């Protein structure tokens, strides 16, 4: 286990990608998945606490994007729809839409990302959160994946690329 973590950290620091490599099935290329969050198939996470749902992109997503150079986020007060785009992330490799895993009203936007978009790479689950939403239908969370399901989803997705 320690060797896997060391290899993952080394791969991350050295910017070595597992894309295309036939790595053993137990090796997950430097992506971390946190328990207690819900995950969408488009690689966004949501953390629901009380009447607030915090949303961001997963470690898996940022790893595939590469270094993030720009983040386009909506204004507070905007509405989001589950599965609908609410912003975009531009990296050295590509620009990708970011989809909301839950419907509701945006009550806060992470303004730090406009000046430090690299927070999505360095801290996707903590400092790199994107929006906070007041959910209009909390039951939408039931259709999202837990950490084990999302880990399996990523492993299967990477095996097909």
Top-ranked residue in segment 47-63 [being over 20 Å from residue 114 (Cα atoms) and surrounded by 23 or more Cβ atoms within 10 Å (Cβ to Cβ); ranked as nearest to the chain's Cα centre (by Cα)]: 60
Residue that is farthest from the chain's Cα centre (by Cα), among those in segment 121-148 that are assigned to a helix (DSSP H, G or I) and surrounded by 14 or more Cβ atoms within 10 Å (Cβ to Cβ): 140
Selection status of residue 74, modelled with pLDDT under 95 and out of contact with any helix residue (DSSP H, G or I) (no Cβ under 9 Å at 6 or more places or on another chain): no
Number of the exception - residue 112 against (1) surrounded by fewer than 21 Cβ atoms within 10 Å (Cβ to Cβ); (2) farther than 18 Å from residue 33 by Cα; (3) touching a strand residue (DSSP E or B) at 6+ places or on another chain (Cβ under 8 Å): (3)
Single residue of segment 68-91 satisfying the filter (out of contact with any strand residue (DSSP E or B) (no Cβ under 6 Å at 6 or more places or on another chain) and more than 16 Å from residue 40 (Cβ to Cβ)) that is surrounded by the most Cβ atoms within 10 Å (Cβ to Cβ): 77
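The values are calculated or read from the model by the stated rules, or taken from the named source; none is laboratory data. If you're wondering where the values come from, they're calculated on a predicted model, not measured in any experiment. As a convention, Cβ positions derive from the backbone with ideal geometry for all residues, glycine included, and neighbour counts pool all protein chains shown.
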